[in-house]
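Report on the following structure.
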Amino acid sequence: MEKLMKPAEYAQEIGISRQAVYAKIKRGILKTKSVEDKLYIVVDTSSRESLPAPTVESREQEKREATAKTSHLTSQADIKDYKALLQAKDETITVLKGTVKDLKKSNKQISSTLRGEIDLLKDAFYEMRKLYANQLEHKRSSAEPIEVVFEEAEGKESSKKWIGLKKFLKQFDYSSESEKERMSKRLKKAYKTGDERFKKVEGKLKVDTSKNFRDILQ
């Protein structure tokens, strides 16, 4: 006598999983029949072999098959993730290579600019030194005795031409007041040592312009 059972009922009755039941159907171990587009398992109730009791070996086999299937799926997922990770690393390496290339290019441009600035500074320094040397030469040449023409006052020495200290220093091209003050101190010091190129008239220091003052002004 035949009996129709749903796959879930058959699995529960013999103590196996539904996946195992469908695997048996696929391999042709179990006979099936479609009723109103629904699948049923044909069970021969007259034979006890049609409903075999599950054994320890069958249960272990089912566990191994399930574990193998799960491991396979996990392995495929791991491989997929590993490939995605490798692709991400490759993209990161490409970006880093581009960044390093850009940095090298920027450093080269900065070095070139710095070299240009250094060359400009050198040129400016040499030009300033040349101008300073010319200025010193001009000052030295200006320290020569200056002929001053003026009417000689009665009662004063006719052989000497005397002018005030400020007027005398004004004839020289000093770049700063501090330098002019320094030269004034030198002239006053020479007067105190008894230098005949100087004298005081009415309390004011006078300078004999007919003399040479290079020894003091240099």
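With each pseudo-label sitting 7 Å past Cα toward Cβ, what's the residue 137-residue 215 distance in nm, one decimal?
The two pseudo-label positions are separated by 2.7 nm.
Could you line up 193, 67 from fewest to most neighbouring Cβ atoms inside 10 Å?
Numbers: 193 7, 67 10.
Ranking 193, 67 by Cβ neighbours within 10 Å, fewest first, gives 193, 67.
Most exposed first by the Cβ proxy, i.e. fewest other Cβ within 10 Å, how do 128, 183 rank? Walk me through the numbers on the way to the answer.
Details: 128 10, 183 18.
Listed from fewest to most nearby Cβ atoms, that is 128, 183.
Compute the length gained on full extension between residue 101 and residue 200: take 0.36 nm times their separation in residues and subtract their Cα-Cα distance, giving the result in nm to one decimal.
Numbers: separation 99, 0.36 × 99 = 35.64 nm, distance 8.04 nm.
Roughly 27.6 nm would be gained on extension.
Sort the following peptides by mean Cβ neighbour count (other Cβ atoms within 10 Å, averaged over residues), highest first: 91-102, 202-213, 35-46. Don't skip to the answer; put the middle values down first.
Numbers: 91-102: 10.0, 202-213: 15.2, 35-46: 11.9.
For the peptides 91-102, 202-213, 35-46, the packing ranking is 202-213, 35-46, 91-102.
Bear in mind these aren't lab numbers, they're just calculated from the coordinates by the rules spelled out. Since the structure is predicted, the reported quantities are computational estimates derived from the model, not experimental observations. Virtual Cβ from ideal backbone geometry, glycine too; neighbours counted across all protein chains shown.
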